[in-house]
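The values are calculated or read from the model by the stated rules, or taken from the named source; none is laboratory data. Only a predicted model underlies this, so the values are computations on that prediction, with no experimental measurement involved. Cβ placement follows ideal geometry from the backbone for every residue including glycine, while neighbour counts extend to all protein chains displayed. Side chains included, ligands, DNA and RNA excluded: accessible areas come from the protein's heavy atoms. Shrake-Rupley method; radii C 1.70, N 1.55, O 1.52, S 1.80 Å.
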Amino acid sequence: MKKRFLVIGICAALAFSSVIVSCSSDDDFATQVAQKSVLTVTLAGDNIATYKTIEIEIMETNSGAITKQTLENASAYSFELPYGSYKITANGTVITKDNEEVQVGATAQQDITTGVVNLSLPLIIKQFNNDFIIEEVFFTGVKTNDGKNYNNSRYFKLTNNTDNVLYADNLIIATSEFLSSVKREITPYHINQAFPVGSAMYIKSDTGKQYPVQPGSYIVIADNAINHTKDNGFDLTKADFEFPSSNPSLGQVDNPAVPNMQVMYTKMAYNMIFLYATSIESYVIARFPEGENEQTFLQNHKYDYSYTTSAGTVRNVSAYEIPNSWIVDAVNNSTDEDFLHILTDPSLDSGWTSAFPKNNSKSVRRKVLGLMSNGKNLYKDTNNSTLDFVRNSEPSLKDGIVK
């Protein structure tokens, strides 16, 4: 995975002292001795509780001379350095105030030419991801003012958790074929190879660079990109994409200003994509690799399986599956009372989160680790939804979409 970085707002106080020149009383000239400064680096951070191990390396760029020091449970050290041009790096491990152990690093360039030099060395947390993440899913639904279940205004929120511009073109969203609350003896069952899908849709694009997303920014895929607030839902008129559906019984009105996702597979009528309100399914986002598209997916990735019902009969089922190598992020959902198994390979997601009961107006949202250098949120991503997500969160779009 590609390393990501998060600036966490460090202010380093640096104190210097220097003795530069000495003179001999026996001579008519001054003899200049080696010019040195004592560089004291003090590390601090708003979200750091303990500096577990930090290695500081200082390299003089002209001579290549390197000075190293490893700090253990310490936040300051003094270096005596000759004048020169230096590259300073720091790498190591800290414990945050949330009791999370994270990797940190920093780099700086500094010329030391005077007796006192002040340098701010911003320490940063390293995060590992190279593509979009599922920042939030709202699937539970809400209650209307008269107490009825309202199952619209659902959405996916996908975030660029990297420091590069990403493109949402041809990005796939898929729901799970199986449920975390039901466990059968499935043959064949190989989640270590692929993710069986109940439905899948994607952002269709011919150019591949039609939908750029800046670092830290996000896109919203709404079930219906309209204003749902009269039913206690959310105003999703500014969504980036919406689910397609032609089901007249749902009363959904297509928003012509918002592009529809392209359904590549669904078992439901009217070309529908449906999210369970009961926190029992899983979701993945994926990308078509080179040479693959909707047509080749339907041709080459059919998934035929069977299981024995409670009545003792064998049921044969045809579905589709997405190879794990296509998947860039995943989230499993369940409840404490009903959990039986996760629906992904543990390398994709080794835990699960929850929003329960249904129609409780809550979502599953990823934890914020800190801020990127551009001031945007950086989200925790350890491929373990138990650790990465907050259960029963307040939906981030309850007051509408503001970017």
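Here are the numbers:
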item	result
Selection from the stretch 164-192 of residues that are among the aliphatic types (A, V, I, L, M), open to solvent by less than 20 Å² (accessible area, probe 1.4 Å) and assigned to a loop (DSSP other than H, G, I, E, B)	ALA168
Residue within the stretch 319-335 that is closer than 18 Å to PRO196 by Cα, touching a helix residue (DSSP H, G or I) at 6+ places or on another chain (Cβ under 9 Å) and among the β-branched types (Val, Ile, Thr) present	yes
Single residue of the stretch 92-111 satisfying the filter (among the polar types (S, T, N, Q) and buried (at least 17 other Cβ atoms within 10 Å of the Cβ)) that is farthest from GLU60 (Cα to Cα)	THR96
So ASP304, is it exposed (fewer than 13 other Cβ atoms within 10 Å of the Cβ), part of a strand (DSSP E or B) and not polar (S, T, N, Q)	yes
Candidate set: the stretch 287-303, residues that are in contact with a Ser or Thr (Cβ under 9 Å, 6 or more places away or on another chain) and at pLDDT 95 or above; chosen: the one farthest from VAL317 (Cα to Cα)	PHE288
Residues located in the stretch 347-373, provided they are open to solvent by 70 Å² or more (accessible area, probe 1.4 Å), part of a loop (DSSP other than H, G, I, E, B) and at pLDDT below 90	SER347, SER373
Matching residues, the stretch 37-60, being touching a residue at least 40 places away in the same chain (Cβ under 8 Å) and open to solvent by less than 30 Å² (accessible area, probe 1.4 Å)	SER37, LEU39, VAL41, LEU43, GLY45, ILE48, TYR51, ILE54
Cross-chain or 6+ apart pairs with Cβ under 9 Å, the stretch 260-272 first and within 19 Å of LYS302 (Cα to Cα), then open to solvent by 30 Å² or more (accessible area, probe 1.4 Å) and part of a strand (DSSP E or B)	MET264/TYR320; TYR265/TYR320
Candidates GLY233, GLY208 - the one that is small (Gly, Ala, Ser), assigned to a loop (DSSP other than H, G, I, E, B) and within 21 Å of GLU292 (Cβ to Cβ)	GLY208
Subset tally (residues that are at pLDDT below 95 and touching a Leu at 6+ places or on another chain (Cβ under 9 Å)) for the stretch 185-204	1
Number of the condition not met by ASN161 [criteria: (1) surrounded by 22 or more Cβ atoms within 10 Å (Cβ to Cβ); (2) modelled with pLDDT of 95 or more]	(2)
Subset of the stretch 355-381 that is under 23 Å from HIS228 (Cβ atoms) and among the small types (Gly, Ala, Ser) - its residue that is farthest from the chain's Cα centre (by Cα)	SER361
Hey, VAL390 aliphatic (A, V, I, L, M) and either assigned to a strand (DSSP E or B) or open to solvent by less than 80 Å² (accessible area, probe 1.4 Å) (or both) or not	yes
Complete set of residues in the stretch 310-336 that are open to solvent by 40 Å² or more (accessible area, probe 1.4 Å) and either without any contact (Cβ under 8 Å) to a residue 12 or more places away in the chain or not in a strand (DSSP E or B) (or both)	SER310, ALA311, GLY312, THR313, VAL314, ARG315, SER325, ASP336
Unique match (being open to solvent by less than 10 Å² (accessible area, probe 1.4 Å) and at positive phi) among GLY141, GLY147	GLY141
Pair list, Cβ < 9 Å and 6+ apart or interchain, from the stretch 284-298 residues that are open to solvent by less than 40 Å² (accessible area, probe 1.4 Å) to residues that are of a type in the set (D, E, K, R)	VAL284/ASP329; VAL284/ASP349; ILE285/ASP131; ILE285/ASP329; ALA286/ASP329; PHE288/GLU294; GLU294/LYS204
